[in-house]
Each structure stands twice: as structure tokens, then as C-alpha cells.
Amino acid sequence: MGLKLIKLTKQYEKQLGEMIEEWRADQIRNHTDTSPWAIFKNDYHDFDYYLEHLEHKVATADRVPDSVFFLLDEDRNRLIGAVNIRHYLNDALLKESGHIGDGIRPSERRKGYATRMIGLALDECRKLGLNRVLIVCSKDNIGSAKSIIRNGGILENEITGSDGAVMQRYWIQL
């Protein structure tokens, strides 16, 4: 199976819509989260606006520059998930979010895609010149923790997030 990270283009507008709608239906039905937040922050129906505002190109008071990639199954021409890579950490990211936010669409979970996507994202982090990467996940998200550990994640600690959830902070040495 050919998997690769891609930047979103007009060519994938239909596939994005299918993935987002599946994710939102699952969120409503099963009260799951929508991660990475970057792909849900804007309405994809205005695709040009969506593309233009998908990434933060310039740092602001509360945001750092980031890159958003989508995991494409080339054999099926299907978007499997997405990953948001923050180019560096501010105080908030250092505490609760880390360098990488990722997610796999509901119908493709528990198939090893998250592990592969994180590995590909780490390659992108190397291109940014990062030496260490922080990935944070909810303690009750065992699948996410396994994907992080399989990519070399070492648990530093657990914290209580601003929403009251226990979060695990993993570092990966590149």
C-alpha cells in the first residue's frame, strides 16, 4: 500500500469533504474528538478559503507557524488522516499540545496508519531542523500512545490539561 504525506490541493477537495463528514458524524455519534484541530477550524465548503487558512505562516501572540499534511493512500486515492506540525513550541504547546497533532479518520483506525503517519511526520520535523519532538495525547487514548511509543516516544510525565483530562507528554529524539 502506497502511503504518503501530501499538502492539500484542489485535486483532493472531494476526498477532504468525505473525510471531514465521516469524522463529524462519528464525533456526534460517539462523542469522539476531532484532531488535529487545524483541519476542522474552517469550513471546507469554501475550499479556497480553507486552503488559504489551513496553516499559520506567521507567528502571532498565540500561534506558531505550522504545516498541515494529509495521509494519502495512493492505491485507493483516499485521505486516511491528517497531521499538524508546529515548527516550534510556545508555552501553551510545550505544556499541552506538542509539536505534532494528528488523527486518523474513524473508518481507518486500528490499522496501523497512525504509527506510519507519525513516522512520516517525524521526517518532516527533521526537514525543519528539529532535534526533539514533543507529542501529547490523552491518557485514555491508548492507541495514540502506542503509535507514539512505536516511533520512539519516551513518556516524560502526565499533566492535567486545561480541560481536566490527564495528558501524557512524550518526547522523541530525532
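The values are calculated or read from the model by the stated rules, or taken from the named source; none is laboratory data. Source: prediction; values computed, not measured. Note that we place each Cβ from the backbone using ideal geometry, even for glycine, and neighbour counts take in every protein chain shown. All accessible areas refer to the heavy atoms of the entire protein, side chains included, with ligands and DNA or RNA removed. Shrake-Rupley method; radii C 1.70, N 1.55, O 1.52, S 1.80 Å.
Checked against (1) surrounded by 11 or more Cβ atoms within 10 Å (Cβ to Cβ); (2) more than 22 Å from residue 128 (Cβ to Cβ), residue 28 meets all criteria but (1).
Yes or no: residue 45 under 30 Å from residue 173 (Cβ atoms) and not aromatic (Phe, Trp, Tyr)? Answer is no for this residue. Residue 140 falls short on exactly one of the conditions (1) closer than 26 Å to residue 108 by Cα; (2) over 15 Å from the mean Cα position of the chain (by Cα); (3) at pLDDT 95 or above, and that condition is (3).
Select, from 109, 126, 150, the only residue that is touching a helix residue (DSSP H, G or I) at 6+ places or on another chain (Cβ under 9 Å), at pLDDT 95 or above and either among the acidic types (Asp, Glu) or closer than 25 Å to residue 72 by Cβ (or both).
The unique qualifying residue is 150.
The criterion of at least 3 residues that are touching a residue at least 12 places away in the same chain (Cβ under 8 Å) and surrounded by fewer than 15 Cβ atoms within 10 Å (Cβ to Cβ) is met by the following strands (runs of 3 or more DSSP E) wholly inside region 95-174: 154-160. Tell me, please, whether a residue that is touching a strand residue (DSSP E or B) at 6+ places or on another chain (Cβ under 8 Å) and among the acidic types (Asp, Glu) can be found in region 160-171. No, the conditions are met nowhere in region 160-171.
Test residue 64 against the stated conditions and say whether it is of a type outside the set (Lys, Arg), in a loop (DSSP other than H, G, I, E, B) and within 17 Å of the chain's Cα centre (by Cα).
Values: of a type outside the set (Lys, Arg): yes; in a loop (DSSP other than H, G, I, E, B): yes; within 17 Å of the chain's Cα centre (by Cα): yes.
Criteria met by residue 64.
For residue 50, are the conditions met, namely being touching a strand residue (DSSP E or B) at 6+ places or on another chain (Cβ under 9 Å) and either modelled with pLDDT of 90 or more or open to solvent by 90 Å² or more (accessible area, probe 1.4 Å) (or both)? No, not satisfied. The number of residues in region 67-83 that are open to solvent by 10 Å² or more (accessible area, probe 1.4 Å) and either closer than 15 Å to residue 36 by Cα or among the aliphatic types (A, V, I, L, M) (or both) comes to 2. Only residues that are under 15 Å from residue 122 (Cα atoms) and either touching a His at 6+ places or on another chain (Cβ under 6 Å) or free of Cβ contacts under 8 Å to residues at least 40 places away in the same chain (or both) were counted in region 50-84, giving 1.
Being assigned to a helix (DSSP H, G or I) and over 17 Å from residue 117 (Cα atoms) narrows it down to one of 44, 50, so name that one.
50
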